[in-house]
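Notes follow the structure.
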Amino acid sequence: MDISELISANTRYCAVLGHPVRHSASPAMQNAGFCALGLPWRYLAFDVEPGGLASAIAGAKAMKFIGLNLTVPHKVAAVGMMDELDETARRLGAVNTVRFEARDESGVWRPLGQFDEVRGLEVRSVGFNTDADAVSRVIKSDLGVELRGAVALVLGAGGAGRTAALQLAAEGVGELWLVNRTVAKAEALAAEIRQRWLGVKVQIGYPACAVDVIINATSLGLGRDDPLPFDPKVFDMKRAKSVFDMVYRPAETLFLRVGRAAGCRCTNGLGMLLYQGASALELWSGLRAPIDQMRRALEIEVYGK
Ligand SMILES: NC(=O)c1ccc[n+]([C@@H]2O[C@H](COP(=O)([O-])OP(=O)(O)OC[C@H]3O[C@@H](n4cnc5c(N)ncnc54)[C@H](OP(=O)(O)O)[C@@H]3O)[C@@H](O)[C@H]2O)c1
């Protein structure tokens with residue numbers, strides 16, 4: 001391909017900002033999506049330190065970027081840096097997708113990606129969170145679990161565990177069990193859920209009954225010799241119907257191996273990465289994301305096949 005087909009003065013940009021960001025698979029996934037849709041857009045990755053986040057977002061806005069993704073450690077800090085917050089970001093207190101918007105001739109705010117001419121436009125940033133919907137989509141579509149009334153066990157109460165627990169509560173699970181190494185964090189999360197979703201029974205610890213889905217939202221599994229993220233002396237995996245590990249590198253963690261051996265339906269974190277990215281692309285472009293091409297690009301980028 002001629003280099004001018006890759007980047008020219010008419011190319012428009014999106015980017016992920018993180019620290020670190022070198023291992024992000026988002027550029028491969030999003031560029032495959034842009035290419036499949038025939039969009040003259042490119043997706044970049046920038047290592048931005050926390051102290052530089054506000055100026056990086058302001059710079060992207062000034063340069064009329066179409067949108068941004070934010071990853072560790074920027075999702076919470078970005079909330080206070082947006083001109084507007086979508087309900088998804090407000091509910092979670094975290095932004096993973098920014099859409100830049102401009103006013104059209106009739107004064108209506110529209111995604112910047114839908115404007116051919118960007119000169120002289122008044123631009124604003126709108127913060128969204130597409131991680132939460134991605135959690136639901138994995139559990140419903142990939143694991144086939146109906147969330148309303150379900151029994152769920154969430155391991156971890158960091159950023160990803162909080163997102164999963166709040167989303168499961170919003171989906172109307174019947175019983176939500178939370179386990180975290182630092183118990184006080186799980187307790188604070190449980191208190192927040194009790195206050196916001198009166199119908200959800202939230203408890204700390206392991207359920208004695210059958211569980212529809214167990215989610216690993218701890219960082220355990222990223223390391224080759226990491227132990228299981230739950231206590232097998234207290235909880236028997238045979239009690240779980242399905243298992244979702246948010247870790248995707250390696251493709252199969254000890255947690256997933258134990259789940260498979262117990263006969264559970266299992267999935268790793270690649271689906272969550274894919275679905276949050278597909279939703280971001282849809283927010284920026286207004287088009288349906290080419291999910292198969294994006295999944296394929298992710299698999300090649302992450303697993304080399
Ligand atoms: N697939 C995806 O798209 C996706 C998206 C987001 C995150 N993730 C994955 O989800 C995991 C968590 O990410 P995060 O953003 O929530 O990180 P985080 O905010 O740093 O939280 C880390 C969580 O792991 C727990 N933890 C860490 N080391 C532990 C250990 N040795 N023993 C027991 N628990 C331990 C922490 O417990 P304490 O509270 O006690 O420290 C906390 O609950 C990571 O593996 C990340 O890659 C995947």
Inset, instruction - Go ahead and estimate [θ] at 222 nm for the chain from helices alone: -39,500 (n - 2.57) per DSSP H run with n ≥ 4, summed, over the residue count, rounded to 500. - result: -10000 deg cm²/dmol
Legend entry - Most to least accessible of 241, 305 (protein chains only, probe 1.4 Å): 305, 241
Inset, instruction - May I ask for the angle, rounded to the nearest 10°, between helix 183-196 and the longest principal axis of the chain, with both axes built from Cα atoms and the value confined to 0 to 90°? - result: 70
Legend entry - Computed Rg/Rh of the chain, alpha carbon atoms with Kirkwood Rh: 0.99
Inset, instruction - Would you pull out the residues with amide H under 5 Å of residue 42's amide H, same chain only if 5 or more places away, H placed 1.01 Å from N? - result: 12, 13, 14
Inset, instruction - For region 196-305, give the percent of accessible area contributed by carbon and sulfur heavy atoms, probe 1.4 Å, rounded to a whole number. - result: 52
Legend entry - Inter-part distance where region 242-305 and region 78-147 are each reduced to a Cα centre, Å: 21
Legend entry - Crossing angle, helix 53-62 versus the chain [Cα axis fit, 0-90 degrees, rounded to tens]: 40
Legend entry - Length-normalised contact order of the chain in % [C-alpha pairs under 8 Å, at least 6 apart]: 16
Inset, instruction - Roll a 1.4 Å probe over the protein chains and send me the accessible area per residue for region 173-290 in Å². - result: 48
Inset, instruction - Convert 37 °C to kelvin, take the viscosity as 0.692 mPa s, use the Kirkwood radius over C-alpha pairs of region 133-268 as Rh, and evaluate the Stokes-Einstein diffusion coefficient in µm²/s, rounded to a whole number. - result: 226
Inset, instruction - Using the structure shown, list the pairs from 64/305; 61/185; 64/185; 201/238; 140/305 with a Cα-Cα distance above 31 Å, or answer none. - result: 64/305; 61/185; 64/185
Inset, instruction - Can you send over the solvent-accessible area of residue 117, 1.4 Å probe, protein chains only, in Å² to the nearest 10? - result: 100
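The values are calculated or read from the model by the stated rules, or taken from the named source; none is laboratory data. None of the values given here were measured: they were computed from a predicted structure. Ligands, DNA and RNA are stripped out before the accessible areas are found, and what is left, the full protein with its side chains, is counted by its heavy atoms. Shrake-Rupley method; radii C 1.70, N 1.55, O 1.52, S 1.80 Å.
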